[in-house]
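Peer 1: Let me give you the structure first, and then I'll get to my questions.
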Amino acid sequence: MSLHDNMNTTRDIYRELGISEDVYDKCELILSSLEERFKEIDRVAEYNQLKVLKAMQDERVSEACLNGTTGYGYNDIGRDTLERVYSRIFKTEEALVRPQITCGTHALTVALSGNLRPGDEILSPVGKPYDTLEEVIGIRESRGSLAEYGITYSQVDLKDGKSFDYDAIKAAINDRTRLVTIQRSKGYQTRKTLSVGEIGELIAFIKGIRSDIICMVDNCYGEFTETIEPTEVGADMAVGSLIKNPGGGLAPIGGYIVGRKPFIENAAVRLTSPGLGKEVGASLEVLRSFYQGLFLSPTVTASALKSAIFAAALFKDAGFDVVPDATDSRHDIIQAVTLKSPKKVIAFCKGIQSAAPVDGFVTPEPWDMPGYDSPVIMAAGAFISGSSIELSADGPIKEPYAVYFQGGLTWAHGKFGIMKAYQEVLNTEK
Ligand SMILES: *Cc1c(COP(=O)(O)O)cnc(C)c1O
């Protein structure tokens, strides 16, 4: 093969995978404008990679830690060491990192129900929490909700979807306010995602009113997007899912709760049982993937961030509204693109799906998902079912016809997925 052939292979393989010459050239041009941005992301990833490595070394992670236990799981050194690694990374006294935590919603449920008692009130000072939390708290009536246990809820919205409404927050805090829940990521809303710095300011304000209020951060999608985490700016607990950022795409299940010792112990006795707490919970066969996924997480998160920024820049250039903008600072990995037509939402998701390593041959269709008020289309061809640190997208088929895109285990794959989505959206215009 000559040098010339070599130089052509990248362009060629994109063509073979359905990317036109025009789209290829346009994407390269867009990418050249993002170099500085990407360097900054690489610097964050570099810091976080070393932070994770140092935590593992300081805790003397050994080969024996990678093997799990069965049955009750007493003296599970791999599990206990991993929890100390998490404590080091998040700079907390304690951590609960378990495969028995089934997902992010469950982790949040355990953290809340373990730490609240009848008569207590939860306050969300950052607007409506993530959809699934509505049923956990009982904002929407639901069997087994905290509301059924006599726990009440109050909420203060962000001003203009942006800034904290300090006066209203102060007014909302009463004698029963026991816990404040702060969602870092915008999730699938239009408000902005909070930076760790902003979360710190909010917590300082709340602690200034009453220092015994527990400040909990829903950290889903935010881990490793910055060099510090909310627990370093005063959060008493941070909570997340292992099939998002910190699982690095390898963890097949699980969630974590990190924070101050009494609050983690309260969560642990709720997860397992009073009297047993953290002592039980066999890790089975998952520890290797928890460690290895955590180790990869900083660079996987960086890939997802680059993919999101690339999508923002490319679709903005094509005249679509994007949130956040390609130039905005980033504190989570979710990208919204408003495509303004149902056809384009479907095309975008088709493109993402066709870029998948698993089920790439499948065509996604909108369907009436339980709990949603309009058909939803989802694209995911993931190694871990439902994993949203892997390249994935979903869009409700309703005004303003926005898709939410996230993930990308490698930057090259995230890039390709966006190019496919863009190509499919362009094809609808022909
Ligand atoms: C994903 C997510 C959750 C819930 O996690 P699941 O694993 O889907 O149950 C909660 N909060 C936020 C902000 C999320 O992004």
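Peer 1: Going by what's in this entry, would residue 95 be described as modelled with pLDDT of 95 or more, open to solvent by 20 Å² or more (accessible area, probe 1.4 Å) and among the aliphatic types (A, V, I, L, M)?
Peer 2: no
Peer 1: If I go through the stretch 108-134 residue by residue, how many of them are open to solvent by less than 20 Å² (accessible area, probe 1.4 Å) and of a type in the set (Val, Ile, Thr)?
Peer 2: Total satisfying the criteria: 3.
Peer 1: Go through the stretch 25-68 and report how many residues are farther than 21 Å from residue 248 by Cβ, in a helix (DSSP H, G or I) and touching a residue at least 24 places away in the same chain (Cβ under 8 Å).
Peer 2: Total satisfying the criteria: 5.
Peer 1: Would you be able to tell me the number of residues in the stretch 280-301 that are under 17 Å from residue 95 (Cα atoms), of a type in the set (Val, Ile, Thr) and part of a helix (DSSP H, G or I)?
Peer 2: Selection size over the stretch 280-301: 0.
Peer 1: Something else now. Name the residue that is farthest from the ligand (Cβ to nearest atom), counting only residues in the stretch 160-180 that are under 26 Å from residue 113 (Cβ atoms) and either charged (D, E, K, R) or at pLDDT below 95 (or both). Reasoning before the result, please.
Peer 2: Quick first cut of the stretch 160-180, residues under 26 Å from residue 113 (Cβ atoms) only: 169, 172-180.
Subset that is either charged (D, E, K, R) or at pLDDT below 95 (or both): 175-176, 178.
On the way: 175: 28, 176: 24, 178: 20 Å.
Top of the filtered list is 175.
Peer 1: Hey, among the residues in the stretch 2-25 that are at pLDDT 65 or above and polar (S, T, N, Q), which one's farthest from the chain's Cα centre (by Cα)?
Peer 2: The first filter runs over the stretch 2-25 and keeps only residues at pLDDT 65 or above, leaving 8-25.
With polar (S, T, N, Q) added as a condition, the list becomes 8-10, 20.
Values: 8: 37, 9: 35, 10: 31, 20: 32 Å.
Here the residue is 8.
Peer 1: Answer yes or no as to whether residue 355 is more than 24 Å from residue 400 (Cβ to Cβ), assigned by TED's automatic domain parsing to the domain that holds residue 414 and either of a type in the set (A, V, I, L, M) or in contact with a strand residue (DSSP E or B) (Cβ under 8 Å, 6 or more places away or on another chain) (or both).
Peer 2: Considered against the rule, which asks whether it is more than 24 Å from residue 400 (Cβ to Cβ), assigned by TED's automatic domain parsing to the domain that holds residue 414 and either of a type in the set (A, V, I, L, M) or in contact with a strand residue (DSSP E or B) (Cβ under 8 Å, 6 or more places away or on another chain) (or both), residue 355 comes out as yes.
Peer 1: Another question, if that's okay. Restricting to the stretch 317-372, name every residue that is under 23 Å from the mean Cα position of the chain (by Cα), within 21 Å of residue 33 (Cβ to Cβ), open to solvent by 60 Å² or more (accessible area, probe 1.4 Å) and not small (Gly, Ala, Ser).
Peer 2: 321, 323, 327, 328
Peer 1: While we're on this one: Any residue in the stretch 155-165 that is within 21 Å of residue 226 (Cβ to Cβ), of a type in the set (Ser, Thr, Tyr) and buried (at least 20 other Cβ atoms within 10 Å of the Cβ)?
Peer 2: Looking through the stretch 155-165, none of the residues is within 21 Å of residue 226 (Cβ to Cβ), of a type in the set (Ser, Thr, Tyr) and buried (at least 20 other Cβ atoms within 10 Å of the Cβ).
Peer 1: Are there any pairs, at least 6 apart or on different chains, whose C-beta atoms fall under 9 Å, with the first in the stretch 215-234 and within 23 Å of residue 390 (Cα to Cα) and open to solvent by 10 Å² or more (accessible area, probe 1.4 Å) and the second of a type in the set (Phe, Trp, Tyr) and away from the ligand (no atom under 13 Å from the Cβ), and if so, which?
Peer 2: Listed by first residue and then by second, the contacts come to 227/47.
Peer 1: On the basis of being within 12 Å of the ligand (Cβ to nearest atom), surrounded by fewer than 24 Cβ atoms within 10 Å (Cβ to Cβ) and either outside the structural domain of residue 376 (by TED's automatic domain parsing) or over 22 Å from residue 119 (Cα atoms) (or both), does residue 183 make the cut?
Peer 2: When the stated conditions are applied, residue 183 does not pass them.
Peer 1: Can we say residue 322 is touching a Lys or Arg at 6+ places or on another chain (Cβ under 6 Å) and in a strand (DSSP E or B)?
Peer 2: Numbers: touching a Lys or Arg at 6+ places or on another chain (Cβ under 6 Å): yes; in a strand (DSSP E or B): yes.
So residue 322 passes the test.
Peer 1: So, of the residues in the stretch 253-279 that are aliphatic (A, V, I, L, M) and part of a loop (DSSP other than H, G, I, E, B), which turns out to be nearest to residue 116 (Cα to Cα)?
Peer 2: Looking at residues that are aliphatic (A, V, I, L, M) and part of a loop (DSSP other than H, G, I, E, B), I get 276.
Peer 1: Scan the stretch 138-193 for residues that are touching a strand residue (DSSP E or B) at 6+ places or on another chain (Cβ under 8 Å) and of a type in the set (Asp, Glu) and report the count.
Peer 2: Residues meeting the conditions: 1.
Peer 1: Follow-up question, since we're still on this one. Are any residues in the stretch 387-401 more than 15 Å from the chain's Cα centre (by Cα) and either within 16 Å of the ligand (Cβ to nearest atom) or free of Cβ contacts under 8 Å to residues at least 60 places away in the same chain (or both), and if so, which ones?
Peer 2: Within the stretch 387-401, 395, 396, 397, 398, 399 qualify.
Peer 1: Being within 15 Å of the ligand (Cβ to nearest atom) and closer than 17 Å to residue 127 by Cβ is the filter here; which residues of the stretch 196-218 pass it?
Peer 2: If we filter the stretch 196-218 for residues that are within 15 Å of the ligand (Cβ to nearest atom), which is where we start, we get 196, 199, 216-218.
Correct list: 199, 216, 217, 218.
Peer 1: Within the bounds of the stretch 289-296, is there any residue that is over 20 Å from residue 245 (Cβ atoms) and touching a helix residue (DSSP H, G or I) at 6+ places or on another chain (Cβ under 7 Å)?
Peer 2: No - not one qualifying residue is present in the stretch 289-296.
The values are calculated or read from the model by the stated rules, or taken from the named source; none is laboratory data. Fair warning: this is a prediction, and the values are worked out from it, not measured in the lab. Every residue, glycine among them, receives a Cβ derived from its backbone with ideal geometry; neighbour counts consider all protein chains shown. Accessible surface is based on the protein model in full, side chains and every heavy atom, while ligands, DNA and RNA are left aside. Shrake-Rupley method; radii C 1.70, N 1.55, O 1.52, S 1.80 Å.
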